[in-house]
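Please read the structure below before turning to the comments.
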Protein chains: 4
Amino acid sequence: MEVGFLGLGIMGKAMSLNLLRHGFKVTVWNRTVSRCDVLVEHGASVAETPAAVIKKCKYTIAMLSDPSAALSVVFDKDGVLEEICSGKGYIDMSTVDSDTSSKISEAITGKGGYFLEAPVSGSKKPAEDGQLVILAAGEKALYDEVIPAFDVLGKKSFFLGKVGNGAKMKLVVNMIMGSMMNAFSEGLVLAERSGLSQQTLLDIVDLGGIANPMFKQKGPAMIQSKFPPAFPLKHQQKDMRLALALGDENAVSMPVAAAANEAFKKARSLGLGDNDFSAVYEAVKIPDCSADA
Amino acid sequence: MEVGFLGLGIMGKAMSLNLLRHGFKVTVWNRTVSRCDVLVEHGASVAETPAAVIKKCKYTIAMLSDPSAALSVVFDKDGVLEEICSGKGYIDMSTVDSDTSSKISEAITGKGGYFLEAPVSGSKKPAEDGQLVILAAGEKALYDEVIPAFDVLGKKSFFLGKVGNGAKMKLVVNMIMGSMMNAFSEGLVLAERSGLSQQTLLDIVDLGGIANPMFKQKGPAMIQSKFPPAFPLKHQQKDMRLALALGDENAVSMPVAAAANEAFKKARSLGLGDNDFSAVYEAVKIPDCSADA
Amino acid sequence: MEVGFLGLGIMGKAMSLNLLRHGFKVTVWNRTVSRCDVLVEHGASVAETPAAVIKKCKYTIAMLSDPSAALSVVFDKDGVLEEICSGKGYIDMSTVDSDTSSKISEAITGKGGYFLEAPVSGSKKPAEDGQLVILAAGEKALYDEVIPAFDVLGKKSFFLGKVGNGAKMKLVVNMIMGSMMNAFSEGLVLAERSGLSQQTLLDIVDLGGIANPMFKQKGPAMIQSKFPPAFPLKHQQKDMRLALALGDENAVSMPVAAAANEAFKKARSLGLGDNDFSAVYEAVKIPDCSADA
Amino acid sequence: MEVGFLGLGIMGKAMSLNLLRHGFKVTVWNRTVSRCDVLVEHGASVAETPAAVIKKCKYTIAMLSDPSAALSVVFDKDGVLEEICSGKGYIDMSTVDSDTSSKISEAITGKGGYFLEAPVSGSKKPAEDGQLVILAAGEKALYDEVIPAFDVLGKKSFFLGKVGNGAKMKLVVNMIMGSMMNAFSEGLVLAERSGLSQQTLLDIVDLGGIANPMFKQKGPAMIQSKFPPAFPLKHQQKDMRLALALGDENAVSMPVAAAANEAFKKARSLGLGDNDFSAVYEAVKIPDCSADA
C-alpha cells in the first residue's frame, strides 16, 4: 500500500517509520526538508510540496503541530487543495479543534476528495511502538480502506461517525481525566492534613479498584510538588472549558467537572499554567500551612 | 501460630479458612453456632463465648458485620473484656467508624491488652483468595507479631499509626472513588447527549491513562442503567459525608468532593440509595430526554 | 437641548416621552412609522431615516431591541454611518454584547464621531418613571455633555471607562443575581423538606439583612411553582456562561457561580428555558417527592 | 404582666430594659450579680438563683450566651428544673442547636412545665430598639400567652411548630446568607480583575433588584479588606455545615451551598475564622495578583 505523509515532527517521524517498517511505500514531505533524510534512509521517497504528495498518492496522512499548520498545508500555495480530487483520500491525524477540522473537511470534499479526521490518544512512546489509540471520524469508506495503516500506527482505532466527533470524544475523555486529577489532589491533601502518609495512600490506591496509570505515574512526583509538563495545565483547563461548553450546547449539567474547572482556573491564577495539569494539586493545597481559627 | 477468630460471616468464614489452610491453629466463635461446622471440618476448634476465645488464644481476630456487633462482642457478658489482659492482642478487622474503634481500643488497653484496628479493602472474592488490602493502626508491636496472619489474609498490609487512622484512610480512598464515579457518569451522559457512543467511550477510556478496574467493571452495566449493589450508594454517600467532615475538622476545602456528594444526595432523593453507588449516573442523567428551550 | 432618538419600542417610547416632557426637542425615527404618532402628539419631530436624524441632531440616542437591529441602523443604507461626523455624538442604550458594541464604536469613531454605549438596568416601569440605572462607557466628553438627558431618563448614571465595560458590568451584576436565585431556591426546598413553612421563610427573610426586592417579588410565585417570564431563564444562563467566560479570561475562580450555572443548565434540560429564571427552583426541587433509601 | 429574666449579657440587658420600659414587672438573675444593678435602677427585682426566679414568676425568659450556659441554668443546682411545674412557662431565647433545645424541652415538660424555644434574628442594636425577629417553636399555648412580651422585644414573632424548628429556620436563613456572601465576593473579585470599579459595582447593585442591607453595610469595608466581626466566619461556616447536614438528613441536594461551604473552609484554613464572615472575600481573591500562564 502506498501512502503520503505530511509532517515529520516527533510524532510524524515515528509514525512514518512504522509504516515503512511494515512494508508501506511512503512519500514524505516536511517544511524543514532535512528532517526527511532519516526517512529516506529507511526507504521513503520525498516530494517537494504537499500538492506533489497528494498528486502522487491515493492516500495521504497529515500529522501537523497545531491548527494553523494543519490549515496551512491544505490552503496555502502548493497545498493539498491544489491536487486533491475524486478518488483521493486525506487523513488528518493532527489534534485540532472541530472548527478547523470542519473547514478542512469542507474544502477537501468540495473538490471531490475523501476526508477523515483522526486525532490520536498517546504521545511519543506509543507512536514509536505503534500503540496509539486512533479516534477517526468522517468518510467511513476511507476509514475502511486505510485500516491497514491504522493497524500499524495504533493498537486500536475507532470510527466515530461524522467529522467533529473525534475532537468531541477527546474532550469527553479529557474532562473525565481532569475531574479525576482534582479528586486525587483533594484526597492527597486531605490525607496529609489528617496526619496520614501520602505515600501510603498512593500505595493503597494502586492496589484497589481505582488504580490507574495516571495516578501511578504522576502521584509520586505530585507529593514532592513536582509537575514536569506532560500535558500543560492551561491546555487541560481549556479542554475542561470546551467540554463544559459542549455540555452547555446540549443542556448537560456537570457540577463535578464545573468545580474541577474552577480549581484549574485557580491554578492558572497562581501562575501554574505551564506546569503539568497535575499542578492543580498546588491550588488545592493552599495554604501550605493550615492555620484554622 | 494459634489465633482466635470471632465472627464467621461471609468475610470471616473465608478468612479463617485461609488461616487454617496455611497451617494456623484457629479457635472460632460465632453467634450462630452452626456456622462453625464447616470450619471444624477444616480443623478449627470452637469456643462457646468470645471470652473463652480470648482466654485460650494469645491473638484474636474479629470480623463483625457492623459497629454494634463489634461493640457487643467486646462489652457484653462473656465478652472480650472479661479475659483480655497483659500479653494478649485483639485485632478488629471489622469496618467501623473511628469513634467505635477508639472506644474498643480504650477498653482493651485499659485492661493491659494490645489493640489493632485493621479494616480491609476488598470483599468476598479477595477474602477467599487472600488478596485483601489491610489498613492496620494501633499498637505497632502487635502489628509486627501478627504479620504472618496478615500475609495469609491479604496481598498487602499497611501500618498507619495511631488508632483511627485505618478508618480515616478508608474514607480518603472512598472519597476519591466517589468523585471519580461522578466524573465518569458526567462523561457518559455528555457523550450520549453529544451524539457519541457510550460503549466506544468505555473502550477508549479503557485503553488510556485513566483506565481502572472500577470503570471497566461497572461501565457496561451503567450504560444499561443496571446497578447491582456491590457497594450501596447510601453507604458511599455516608463515606463522602464523613470524608468532608474530616476535611471540615482540618479546614481542607474540597469543592469537587462536595459537588460529588450533592449528586449522591440527589440520587438518594430519587430512591436509589440501595443500588450500587454507580447509580449516581441516573441522577446525572435527569431528565432522560433532553428538552432544551 | 436637542436630541435624536432611534427606536420606539416599549423602552424607547417611554424614554423619548420623558425627554419631551422635560423640555428636550426630540427628533424620532422608528422602522414602523406609525409608532411615531404618539410622540408627535407630544411635540416630537419625525425624520425618515436614521441618517436624517443624525444629520439634524448633534446627539442621537438609540434604543433597539437586539444586536442585529443595533447593527442595522448603523451600517445599512440610510444608516447612522452616512451622516455621522466630527462634532456629533451617538449613544447606544440597547443591550448588546461587547463585540457588537465594539464594532459600532469603531465605525462611529472611524468617521470622527463620538460614541457611548449605555445599557440600562430596569425595564418598562422604571423607563416610564425615569428611574433607569444607566451603565455608560466610551467617550467621557460625550458622557459629560449628555448628562442632562441621562438625568431625565434614569435615577442614576455611571461612567465606566472604555467601551465594553458597560456590558461587562451588567454580566457581573447578573452573575451575582443568578447565584442568589440559586441560594434562595435551595433554601426554599430545604425549608419544605425539613417541615418548615416556605411562606414563613419568605416573611423572615424579608425582615432581615438579606431582604431584597427580587426575593420579595418572586418568592411568593415561586413557592406556587409559577414563573412568569420577566427575565427568561435561558438568557440568565447565557449571562452566567458569559460571566464565567469573563472569569476564565482573567483567571478568576468562581465555584459558586459555576455551581449555579450548572443548575440553570439542568433547568434548561427540563424545558424551563422560556420561564422566568426563578424556575431554577424546579430543578433544585427534583424529585418532587423525596424518597430516600 | 410579670416575667422572670435569666441572663443579662449585651442582648439580655437590652431586652429586659425594654420590658421594664413597657411596664412589665421583671425579676432578673445573672451569674455575675453586679450586672443586675442597672436593671434595678429601672425597677427590676433581683432573685438569687434561677430556681428562685421560676418560683416567683409564671413566665421566665432566658437569654444565655451558648448551649452550655443554657443547659447549666436549667440542670445545675438551684436551676430552673428545681421549681418548674405545671402552670409555669419557660422561654429560651438563646441561640442553641436543636439537640440542646430538645434536651431542655424534655426536662421542662417532664416536670409539667411549658417550653418554648425562641431564638432571635438580630443583634445589639435591634435588641435595644425592640426590633428583633423572633423564631418561636414548642408549646403554642405558651406562645400565645407571651405575645405581649414578644411584641415589646421584637418587630415580629413567628410560631414555627414543634421544638427544633426555630433552630432549623435559622440554619436555612443563614445558609442563604452564606451563599449570597460568596456570590457577592465572586462578583467583587470578577469586577476588579476585569478592570471595573468595585465601588461602582456596589453603587449599581444597591440601586437594583438585588439590593439588600447586608451588601450595603459590608460591601464598602470588604473592598478595603476590612472584616470587623459582626458574625464570625467560623460560626457562619458551622451553620453552613449544619444546614448541609439538615439537607443530608432529608436528601436535599444543594450544590451552591456546598460550594459556598468549601470556600468558607478555605477561608478558615487561611486563618480568617475569627473575622466577619464577609472575609470569605479574601479566600475568593487569592492570589492577590493574578499571574496567568
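The values are calculated or read from the model by the stated rules, or taken from the named source; none is laboratory data. This one's a predicted model, so the numbers in the text were calculated from it and none came from an experiment. All Cβ positions, glycine included, derive from the backbone under ideal geometry; neighbour counts span all protein chains shown.
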Test: B:Ser179 is free of Cβ contacts under 8 Å to residues at least 40 places away in the same chain, of a type in the set (S, T, N, Q) and either in contact with a Pro (Cβ under 9 Å, 6 or more places away or on another chain) or surrounded by 21 or more Cβ atoms within 10 Å (Cβ to Cβ) (or both):
no
Residue list for the range D:25-41, filter: under 18 Å from D:Ile61 (Cβ atoms) and outside any strand (DSSP E or B):
D:Asn30, D:Arg31, D:Arg35, D:Cys36, D:Val38, D:Leu39, D:Val40
Sole exception among (1) at pLDDT 95 or above; (2) buried (at least 24 other Cβ atoms within 10 Å of the Cβ); (3) not aliphatic (A, V, I, L, M) for C:Thr109, by number
(2)
Under 7 Å by Cβ, and 6 or more places apart or on different chains, what pairs join a residue from the range A:49-60 that is under 12 Å from A:Met1 (Cβ atoms) with one that is part of a helix (DSSP H, G or I)?
A:Tyr59/A:Val146
Just the residues that are farther than 26 Å from B:Gly166 by Cα and assigned to a helix (DSSP H, G or I), please, taken from the range B:218-234.
B:Lys218, B:Gly219, B:Pro220, B:Ala221, B:Met222
Test set (1) part of a helix (DSSP H, G or I); (2) in contact (Cβ under 8 Å) with a residue 24 or more places away in the chain - C:Leu272 fails condition number:
(1)
Quick check on the range D:219-231. Is at least one of its residues at pLDDT 95 or above, touching a strand residue (DSSP E or B) at 6+ places or on another chain (Cβ under 7 Å) and more than 10 Å from chain C (Cβ to nearest Cβ)?
yes
When D:Val96 is run through (1) touching a Pro at 6+ places or on another chain (Cβ under 6 Å); (2) under 22 Å from D:Leu20 (Cα atoms), the failure sits at (2)
When you scan the range A:42-60, how many residues do you find that are of a type outside the set (Ser, Thr, Tyr), outside any loop (DSSP other than H, G, I, E, B) and buried (at least 21 other Cβ atoms within 10 Å of the Cβ)?
3
What tally of residues in the range C:251-290 results from selecting those that are hydrophobic (A, V, I, L, M, F, W, C) and facing another protein chain (nearest Cβ under 7 Å)?
12
Contacts under 8 angstrom Cβ, first residue in the range D:124-135 being in the same structural domain as D:Arg21 (by TED's automatic domain parsing) and within 14 Å of D:Leu19 (Cβ to Cβ), partner among the hydrophobic types (A, V, I, L, M, F, W, C) and surrounded by fewer than 16 Cβ atoms within 10 Å (Cβ to Cβ), 6 or more apart
D:Ala127/D:Ile10
Please go through the range B:112-127 and pick out each residue that is crowded, with 16+ Cβ neighbours inside 10 Å and either in contact with a Lys or Arg (Cβ under 6 Å, 6 or more places away or on another chain) or at pLDDT below 95 (or both).
B:Gly113, B:Pro119, B:Val120, B:Ser121, B:Gly122, B:Pro126, B:Ala127
Can you pull out the residues in the range D:136-151 that are within 24 Å of C:Glu192 (Cβ to Cβ) and free of Cβ contacts under 8 Å to residues at least 24 places away in the same chain?
D:Lys140
Taking into account only those residues within the range B:36-60 that are aliphatic (A, V, I, L, M) and in contact with a Leu (Cβ under 7 Å, 6 or more places away or on another chain), which is nearest to B:Ile108 (Cα to Cα)?
B:Val53
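Here's the yes/no breakdown for (1) more than 24 Å from D:Lys218 (Cβ to Cβ); (2) in contact (Cβ under 8 Å) with a residue 12 or more places away in the chain; (3) aliphatic (A, V, I, L, M):
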site: C:Leu153; (1), (2), (3): yes, yes, yes
site: C:Lys170; (1), (2), (3): no, yes, no
site: C:Glu186; (1), (2), (3): no, yes, no
site: C:Ala191; (1), (2), (3): yes, no, yes
site: C:Leu201; (1), (2), (3): no, yes, yes
site: C:Phe215; (1), (2), (3): no, yes, no
site: C:Pro228; (1), (2), (3): yes, yes, no
site: C:Pro232; (1), (2), (3): yes, yes, no
Give the residue, chosen from D:Ser101, D:Ser105, D:Ser179, that is of a type in the set (Ser, Thr, Tyr), touching a helix residue (DSSP H, G or I) at 6+ places or on another chain (Cβ under 7 Å) and not assigned by TED's automatic domain parsing to the domain that holds D:Ala258.
D:Ser101
Looking at B:Phe227, B:Phe231, B:Phe215, which one is closer than 20 Å to A:Ile176 by Cα, within 24 Å of the chain's Cα centre (by Cα) and among the aromatic types (Phe, Trp, Tyr)?
B:Phe215
If you go through the range C:235-247 one residue at a time, do you hit one that is part of a strand (DSSP E or B), at pLDDT below 95 and either in contact with a helix residue (DSSP H, G or I) (Cβ under 9 Å, 6 or more places away or on another chain) or over 23 Å from D:Ala191 (Cα atoms) (or both)?
no
Within the range A:83-202, considering only helices (runs of 4 or more DSSP H) that don't extend past its boundaries, which have at least 1 residues that are within 14 Å of chain B (Cβ to nearest Cβ) and farther than 30 Å from B:Ser179 by Cβ?
A:124-129, A:140-153
